[in-house]
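Enquirer: Let me give you the structure first, and then I'll get to my questions.
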Amino acid sequence: MGKASARAANAGIQTEQAIALVRQENDRFSMESGRARRAFVLTFGCQQNEADSEKIAGMAKAMGYEIAATPEGADLIVVNTCAVREHAEKKALSTVGQYKHLKAQNPDLVIAMCGCMVSQQHRAEEIKRRYPYVNFVFGTAALGAFPALLWEWMNTRRRIFRAAEAETAIAEGLPVRRESGYRAWVSIMYGCNNFCSYCIVPYVRGRERSREPEPILAEIRELVAAGYRDITLLGQNVNSYGKGTKAGWDFADLLAEADKIEGDFLLRFMTSHPKDAGKKLIDVMAASRHIAHQFHLPLQSGSNAILAKMNRHYTAEKYLETLDYLREKMPDVTVTSDIIVGFPGETEEDFEETMKMIERAQFDMIFSFIYSPRKGTPAAAMEDQVPPEVTHARFDRLLELQNAIGAEKNRELVGKTLRVLCDGESKNDKATVSGRTEGNKLVFWRGDPAARGNFVRVKITSAEAFALQGELLND
Ligand code: SF4
């Protein structure tokens with residue numbers, strides 16, 4: 001990685017300088033105590049948060065911390081929070097509540113919180129009031145300021161809240177400690193301009209900012225050279241990548257250039273917005289060598305009335321046009337989607353429209369969510385909220401339909417031989433190995449876990465709604 005160039009927000013020192021200062025202090029501690037300080041990073045939420053946490057762990061490591069697997073015995077705990085659903089917020093708060101006793105055991109323990117939840121003013125206030133043992137808080141835009149805030153806390157012992165930071169320039173070159181040695185996230189942009197009426201993201205991650213293509217391509221090249229096999233480009237709406245960059249490339253241009261990189265790897269991306277997923281992008285995918293034939297295209301609802309209330313800027317018909325083009329150009333493409341059930345004002349007829357779309361679209365899988373009102377979003381203030389019992393009944397019907405479709409789509413793969421990236425020993429059955437297909441489908445087979453991180457060929461022998469079973473081919 002290059003040198004960290006972000007100016008650490010408000011602390012007046014560069015990230016790189018702050019890392020060196022904390023490192024000196026931690027080296028001194030190690031000399032005196034005979035052990036290195038340990039840091040534990042806990043992540044809630046989406047892939048973007050996972051990618052941010054890998055940078056937090058990377059910065060912690062560069063500052064001399066050993067990365068711990070559990071919070072017990074840690075000297076620094078960072079909780080990276082999510083705000084997309086109320087459930088995730090409650091879980092983060094109750095987890096931090098449990099750290100109170102760790103602080104009582106070790107008063108020198110430093111506890112920090114970051115991410116989307118703490119970027120909301122009311123949550124930052126709540127942490128100030130109800131969690132006095134949380135030492136500092138930083139929002140998603142202030143990721144590069146983490147070392148400087150830690151340094152400031154170490155020196156002043158005054159609580160710091162940098163939660164509602166205005167968007168800052170993208171911090172290039174932050175150290176990264178990747179969780180996997182063969183799958184990697186690469187953030188290509190941050191924030192979102194879309195303001196879907198149910199979504200908190202634009203309020204907590206700010207306006208859209210894209211990285212310049214060159215550092216992205218350099219990062220992909222580095223990953224491929226280091227043996228990474230599965231690289232996912234991340235952004236809230238990758239299809240609108242490139243606005244405001246000096247290069248002036250769009251997302252299809254970026255993908256086409258990344259596809260020229262030599263090596264044995266797959267390139268994925270998420271998340272797409274149907275209003276911006278155009279033919280140029282699909283054509284680039286279809287003609288590519290490395291871009292996985294997999295598309296996550298969130299539909300959210302099959303009802304045009306609800307899509308309008310959601311501020312999604314497409315209709316069910318427009319969505320189907322994109323889907324049909326996708327399948328025309330890549331008949332083997334795996335398509336997944338997101339559906340929100342029980343959006344305010346969703347009538348039985350609206351829900352039936354969604355069910356019809358699910359039948360028509362034949363998704364390989366959907367991620368379905370019960371609508372969760374997010375304070376500060378327009379949808380939370382809408383009057384006609386759907387009663388929970390109605391929402392739950394619709395949710396169950398939707399799952400039943402999709403499970404049958406998913407199982408059928410998977411059964412179509414029986415007898416086929418697929419290239420699968422091996423993830424090693426399966427969690428539940430030590431005699432079984434698991435992996436993911438190009439379409440990101442989960443496959444189990446009997447084999448050697450030593451193939452972890454490599455592509456193997458697996459002949460599919462049976463299928464269920466959420467997984468495939470197969471036999472390893474040793475050719
Ligand atoms: S596109 Fe819509 S749902 Fe996705 S992050 Fe932006 S506002 Fe949220």
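Enquirer: Counting Lys +1, Arg +1, Asp -1, Glu -1, what net charge surrounds Ala60 among other residues with beta carbon under 11 Å of its beta carbon?
Expert: Working: positive: Arg23, Arg37, Arg38, Lys55, Lys61, Arg177; negative: Glu54, Glu66, Asp75.
Local net charge: +3.
Enquirer: If we count every other residue with Cβ under 15 angstrom of Ile261's Cβ, Lys/Arg +1 and Asp/Glu -1, where does the sum land?
Expert: Once all neighbours under 15 Å are counted, the net charge is -4.
Enquirer: Tally Lys/Arg at +1 and Asp/Glu at -1 over every other residue whose Cβ is under 11 Å from the Cβ of Glu86; what's the total?
Expert: Computed value for this residue: +4.
Enquirer: Please report the base-10 log of the normalised intensity I(q)/I(0) for the range 192-267, using a Debye sum with one equal scatterer per alpha carbon and no solvent, at each q in 0.13, 0.15, 0.27 (1/Å).
Expert: Log10 of I(q)/I(0), two decimals: -0.45, -0.58, -1.24.
Enquirer: Please report Rg (one decimal) and Dmax (integer) in Å for the Cα set of the range 15-162.
Expert: 14.3, 45
Enquirer: Another question, if that's okay. Cut-off under 22 Å on the C-alpha distance; same-chain residues fewer than 8 positions from Lys128 excluded. Which lysines are left, in chain and number order?
Expert: Once the sequence-local lysines are set aside, what remains near Lys128 is Lys90, Lys91, Lys100, Lys103, Lys375.
Enquirer: Anything in the chain that counts as a DSSP H helix reaching 30 Å or more along its axis (C-alpha) with Kyte-Doolittle mean of at least -1.0? List them, would you? If you can, show how the numbers build up before the last one.
Expert: Values: long enough: 388-411 (34 Å, -0.81).
Long hydrophobic helices here: 388-411.
Enquirer: Report Rg (one decimal) and Dmax (nearest whole number) for the range 10-73, counting Cα atoms only, units Å.
Expert: Using the Cα atoms of the range 10-73, the pair Rg, Dmax is 13.1, 39 Å.
Enquirer: Continuing with this model, one more query. Please calculate the 1.4 Å probe accessible area of Glu359, with all protein chains present, and give it to the nearest 10 Å².
Expert: Only protein atoms counted, so the area is about 100 Å².
Enquirer: Hey, which aspartates and glutamates would be in cross-link range of Lys356, C-alpha to C-alpha under 18 Å, not counting anything within fewer than 8 residues on its own chain?
Expert: Glu317, Glu321, Asp324, Asp338, Glu346, Glu348, Asp364, Asp396, Glu400, Glu408
Enquirer: Collect residues whose amide H, placed 1.01 Å from N in the peptide plane, falls under 5 Å from the amide H of Cys114; neighbours closer than 5 in sequence don't count.
Expert: Answer set, sorted by chain and number: Val79, Asn80, Thr81, Phe138.
Enquirer: Counting other C-beta atoms within 10 Å, and keeping those with at most 15, which DSSP coil GluC sites (Glu not before Pro) do you find in the range 216-264? It would help to have the intermediate numbers written out before the result.
Expert: Numbers: sites: Glu219, Glu222, Glu257, Glu262; in loops: Glu262.
Counting only loop positions with at most 15 other Cβ atoms within 10 Å, the GluC sites (Glu not before Pro) in the range 216-264 are Glu262.
Enquirer: In Å, what Kirkwood hydrodynamic radius results for the range 417-473 from the alpha-carbon pair distances? Mind showing how you got there, number by number?
Expert: Working: mean 1/r = 0.0935 Å⁻¹.
Radius from the Kirkwood sum: 10.7 Å.
Enquirer: With all pairs of different alpha carbon atoms counted, what Kirkwood hydrodynamic radius in Å does the range 229-323 show? Please list the in-between numbers first.
Expert: Numbers: mean 1/r = 0.0700 Å⁻¹.
About 14.3 Å for the range 229-323.
Enquirer: Be a star and scan the range 330-350 for residues whose amide nitrogen sits under 13 Å from the point 7 Å along the Cα-to-Cβ vector of Ala393.
Expert: In the range 330-350, the label zone of Ala393 (backbone N under 13 Å from the point 7 Å along Cα→Cβ) covers 348-349.
Enquirer: Give me the percent relative contact order of the chain, please, defined on Cα pairs under 8 angstrom at least 6 residues apart. Each step should come with its number before you reach the end.
Expert: On the way: 966 pairs, mean separation 48.5, N = 475.
The value is 10 percent.
Enquirer: May I pose another question? Which whole-number percent of Cα pairs in the range 136-243 have a distance greater than 17 Å? It would help to have the intermediate numbers written out before the result.
Expert: On the way: 3566 of 5778 pairs.
The answer is 62 percent, as a whole percent.
Enquirer: Pick out, from Val78, Met154, Val386, the residue whose Cα sits farthest towards the positive end of the charge dipole of the chain, with +1 on the Cβ of Lys and Arg and -1 on the Cβ of Asp and Glu.
Expert: It is Met154, whose Cα lies furthest towards the positive end.
Enquirer: Given the protein chains as shown and a 1.4 Å probe, how many square angstrom of Val386 are accessible, to the nearest 10?
Expert: 30
Enquirer: So, one more: Tell me, what is the per residue accessible area of the chain in Å², probe radius 1.4 Å? Write down the numbers at each step before the final one.
Expert: Values: 20430 Å² over 475 residues.
Heavy-atom accessible area per residue stands at 43 Å².
Enquirer: Just need the Rg to Rh number for the chain, please, alpha carbons only, Kirkwood Rh. Before the final figure, lay out the partial values.
Expert: Details: Rg = 23.1 Å, Rh = 23.8 Å.
My calculation of the ratio gives 0.97.
Enquirer: Quote the relative contact order of the range 183-411 in percent (integer), defining contacts as alpha-carbon pairs under 8 Å separated by 6+ residues. Mind showing how you got there, number by number?
Expert: Numbers: 389 pairs, mean separation 40.0, N = 229.
Value for the range 183-411: 17 percent.
Enquirer: Quantify, in whole percent, the carbon and sulfur part of the accessible surface of the chain (1.4 Å probe; protein heavy atoms only).
Expert: Numbers: 10470 of 20430 Å².
Summing carbon and sulfur atoms, their accessible area is 51 percent of the total for the chain.
Enquirer: In straight Cα distance, which aspartates and glutamates are under 17 Å from Lys246, not counting same-chain residues fewer than 8 positions off?
Expert: Glu172, Glu208, Glu212, Glu214, Glu257
The values are calculated or read from the model by the stated rules, or taken from the named source; none is laboratory data. Predicted model, so just to flag it, every value in this text is computed and none were measured. Every residue, glycine among them, receives a Cβ derived from its backbone with ideal geometry; neighbour counts consider all protein chains shown. Side chains included, ligands, DNA and RNA excluded: accessible areas come from the protein's heavy atoms. Shrake-Rupley method; radii C 1.70, N 1.55, O 1.52, S 1.80 Å.
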